[in-house]
Amino acid sequence: MVPVRYNVRSLIVRKITTLATAGGIALVVFVFAAAQMLGEGAQRAMVSSGRPDNVIVLRKGSDAELPSGIGNDFKKLGDRPEVAQVAGVGAIGEIVIVITAERADGSGGISNVLVRGTTAEGIAFRPEVKIVSGRAPKPGTNEVIVGKAISGRFKGVGPGQRFEIRRNRPLEVVGVFTAAGSSYESEVWGDLDVIRKYLGRESVVSSVRIRLTDPSKFEAYRMAVEGDKNFSVKATREHDYFQKQSEGLSGFLTGFGMVIAILFSIAAMLGAAITMNGAVANRSKEIGTLRALGFSRRSILVSFVLEAVGLALAGGVVGLVFVMLLSLVSFPVMNFQTFSEIVIGFHASPQIVVSALIFSVIMGLLGGLIPAIRASRVSPVEAMRG
Amino acid sequence: VNIATYARRNLFRRRGRTILTLITIAVAVLIFNAIRTVDHAWKAGAEEAAKDRLATRHKVSITMLLPKRYIDDMRDPSKIPGIKAATWANWFGAKDPRGRTQFFAGFAADHLTWFDVMDEMKVEPAALEEWQRTNNGAILGDLLAKTLEVKVGDDLTIASDIYPGDWKFKVVGIYTPLRKTADRNTMVFRWDFLNNDSRSTFSKEQIGWVMSRIDDPTKSAEISRAVDKLFDERDDQTLTMSERAFQLSFLGGFSAILSAFDLVSVVILLIMMLVLANTIAMNVRERAHEYGVLRAIGFSPGWVFGFILGEAMMISLAGGLAGVALTMLLINGAIGPAIEENMSAFFPYFRTPLPVIALSLVGTLVVGAASGLVPAIGASRRKVTDALRRVD
């Protein structure tokens, strides 16, 4: 076997070539990993909003909270033996609307923000919700709290500011909350009855949530409420609901990123092939010498493949190091179901790191294989004669 | 010997390397064009929207409705001068219960005026007459009709995300596009049919948005302000904007994705630059001795600089042209038409436009110059004696 030091030194001697090739691979790995991190971020933000023992009830035919509507008799949905009492209440009814808001960055662009009308019990229903600045809204008033992810991104939707949901009916932002990184952090939460009154929609809620006494009771509960003639509703495990909501978005992000990265990798692989081809051409004398010293064709082949893979791996590691910096950045995307904006982070996982490294190894292998085969076929006599 | 000949001959000294580099550039240009085309196509529907149309919606939310009597105010020239015609529609949240399509736009619209204002959709006069007679009549875009496998005269059952139950319609007409950006995947049915149904009491006598046609497109800002001012003292305030801005307001959260696209298309240019710079650097290193000889027989450093830069530009231009040819063949010839056929709700028009192609060629030339610059400067500044003595 040819010592690895030979390859390392060869790479160091050709500084510019090595840097250019590894740089190309680093850029491809960067794009590859960034798209996956964003998809993972979307998945986490949306799915972590759900719990396995929570059930969300929507009007039959509605796939999301926004278009759904259930009458004020929704409280009966909580009067069942499978339902646990949370803060003394069985069913949590909430209203969800999207409002148009102007971006605070001065671009004049508008986007949509989700506003949720809830109750004190509704907030208690989600223990992960924490007020991080300001204070909790007083029940029965026009006070609201804004999720940390969108706080300050839109005009009027920041601490101490106010925005109208109806003429002369302002909501006042009194605090900022976090919710363990979930998509709730991209929402504004206010009082159910006040918001419904402002909108003139006192008789309906958008969705109803209940907590099961035990997750295994889901089927029994679903059968009971979906069979109830007084309602026309559909019950879904909250976890499954958010999973389904996030599928479109995270699938779109990772899928699109994957396509772009694979296309990019063609360019980077060709780059690696050019470099390795050049290396073989310039070093034919050296290869001849190695062969004359007794190294087999196979060890030459292995040596050049290793060099290509090492080069690609180095590029991959550099790309990963830079992509990790993205963890500090958050990125606004659109939730297709609500037209509203949710802000997600780039989220690295061990699986993404491993797949990015495998991806760069494959690029090195594919780019380096043919030149390595050429190298192994160099005839020692011819090469040394020059 | 002139620069061009020398550079051209040098190109094929390392034929394999040049060909690989050309392929890389061609592929990179293809990818660049594909990304820019997605970006362009995403905005195209909105950009090519009629300049003489204004959309008026609820100020607070895209989901809130306006009182129907607003349409009378807007049609009254004494209140708002400059509006030629106005029509309205409600979003229906249509879903195909049989699941033949994931998504399409369904509206309940005013059957007397909708197609007069939305004149990029062509409907046969007989179909329009039939629509006036048929309460539950619906008119579909030609692509949607194909997807749903219906023709004129058929019954069609549609569900809604907003209104409960099944809704039974009769297909009275199929519209075809008069402009390339017209969405051929929409379904329009009569607003009075929706309004008179007991399942729509919560939106009774309310409308989703008003679409109006104005006399003079240059006055659109002025007229928009006049409309919003008229309703400013009412309970439901309005937000009036160009049709383009209206469409974009549904895609508001997408602007960040589009800026990510901008970034990604710059990244592919960078990758292309690295590959090309590598090729040129390798060539120059191998020929260091030659350049020394050229200098020794009297060529000035400027000539050496020109040889190298010219070679880089020539490779990049050739690769760029090959990439443009690939773009024409693949995107405009094959993928584009397929996308327009299957995804017309998102991309009614998916072709690489001329400005994008021009941009990609400018991009390759800049990349060619940038990647040749460093090796060219290095080689032209090298002392003749060093170059001749240098062993690689």
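The values are calculated or read from the model by the stated rules, or taken from the named source; none is laboratory data. The structure presented is a predicted model; accordingly, all values stated were derived computationally and were not measured. Cβ coordinates were reconstructed from backbone atoms using ideal geometry, including for glycine residues, and neighbour counts include every protein chain displayed.
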Screening A:Gly271, A:Gly315, A:Gly319, A:Gly257 for residues that are within 13 Å of chain B (Cβ to nearest Cβ), among the small types (Gly, Ala, Ser), within 30 Å of B:Gln102 (Cβ to Cβ) and in contact (Cβ under 8 Å) with a residue 24 or more places away in the chain leaves only A:Gly257
In segment A:89-105, residues that are over 24 Å from A:Gly200 (Cβ atoms) and buried (at least 18 other Cβ atoms within 10 Å of the Cβ) total 2
Residues being at pLDDT 85 or above, facing chain A (nearest Cβ under 8 Å) and more than 24 Å from B:Thr63 (Cα to Cα) - total across segment B:216-274: 7
Determine the pairs where a residue that is touching a residue at least 40 places away in the same chain (Cβ under 8 Å), located within segment B:56-69, has a partner that is aromatic (Phe, Trp, Tyr) and surrounded by fewer than 20 Cβ atoms within 10 Å (Cβ to Cβ) with Cβ atoms under 8 Å apart, the partner being 6 or more residues away or on another chain. B:Ile62/B:Phe250
Go through segment B:78-103 and report how many residues are surrounded by fewer than 19 Cβ atoms within 10 Å (Cβ to Cβ) and hydroxyl-bearing (Ser, Thr, Tyr). 2
Restricting to segment B:209-241, count the residues that are of a type in the set (A, V, I, L, M, F, W, C) and out of contact with any Phe, Trp or Tyr (no Cβ under 8 Å at 6 or more places or on another chain). 8
Within segment B:311-323, does at least one residue satisfy the condition of being over 22 Å from B:Leu22 (Cβ atoms) and either modelled with pLDDT of 90 or more or in contact with a His (Cβ under 9 Å, 6 or more places away or on another chain) (or both)? no
Restricting to segment B:61-103, count the residues that are among the small types (Gly, Ala, Ser), part of a strand (DSSP E or B) and in contact with a helix residue (DSSP H, G or I) (Cβ under 8 Å, 6 or more places away or on another chain). 3
Kindly establish whether A:Leu199 is in contact with a Gly (Cβ under 8 Å, 6 or more places away or on another chain), in contact (Cβ under 8 Å) with a residue 24 or more places away in the chain and of a type in the set (A, V, I, L, M). no
Looking only at residues that are touching a residue at least 24 places away in the same chain (Cβ under 8 Å) and not in a helix (DSSP H, G or I) in segment A:229-254, which one is surrounded by the fewest Cβ atoms within 10 Å (Cβ to Cβ)? A:Asn230
Being closer than 29 Å to B:Arg244 by Cα and either part of a helix (DSSP H, G or I) or among the small types (Gly, Ala, Ser) (or both) is the filter here; which residues of segment B:137-181 pass it? B:Gly137, B:Ala138, B:Gly141, B:Asp142, B:Leu143, B:Leu144, B:Ala145, B:Lys146, B:Thr147, B:Ala159, B:Ser160, B:Gly173
Candidates A:Ser68, A:Ser111, A:Ser107, A:Ser49, filtered to the one that is within 14 Å of chain B (Cβ to nearest Cβ), under 30 Å from A:Ser216 (Cβ atoms) and among the hydroxyl-bearing types (Ser, Thr, Tyr): A:Ser68
Among (1) within 19 Å of A:Ile342 (Cα to Cα); (2) touching a residue at least 24 places away in the same chain (Cβ under 8 Å), the one test that A:Ala136 misses: (1)
Among B:Arg285, B:Arg295, which is within 11 Å of another protein chain (Cβ to nearest Cβ), more than 40 Å from the chain's Cα centre (by Cα) and part of a helix (DSSP H, G or I)? B:Arg285
Residue pairs, Cβ under 6 Å, 6 or more apart or interchain, first in segment B:184-206 and part of a strand (DSSP E or B), second aromatic (Phe, Trp, Tyr). List them. B:Val188/B:Phe107; B:Phe189/B:Phe169
When the residues of segment B:49-77 are narrowed to those that are away from chain A (no Cβ under 14 Å) and within 27 Å of the chain's Cα centre (by Cα), which ends up surrounded by the most Cβ atoms within 10 Å (Cβ to Cβ)? B:Leu54
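Pick out the one residue from A:Gly310, A:Gly319, A:Gly294, A:Gly315 that is surrounded by fewer than 21 Cβ atoms within 10 Å (Cβ to Cβ), assigned to a helix (DSSP H, G or I) and not hydrophobic (A, V, I, L, M, F, W, C).
Just one listed residue meets the conditions, A:Gly310.
Conditions tested, residue by residue: (1) surrounded by fewer than 19 Cβ atoms within 10 Å (Cβ to Cβ); (2) within 12 Å of chain B (Cβ to nearest Cβ).
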position: A:Gly160; (1), (2): yes, no
position: A:Arg167; (1), (2): yes, yes
position: A:Val173; (1), (2): no, no
position: A:Phe177; (1), (2): no, no
position: A:Glu185; (1), (2): no, no
Of the residues in segment B:110-136, how many are in a strand (DSSP E or B) and more than 30 Å from B:Ala338 (Cα to Cα)? 0
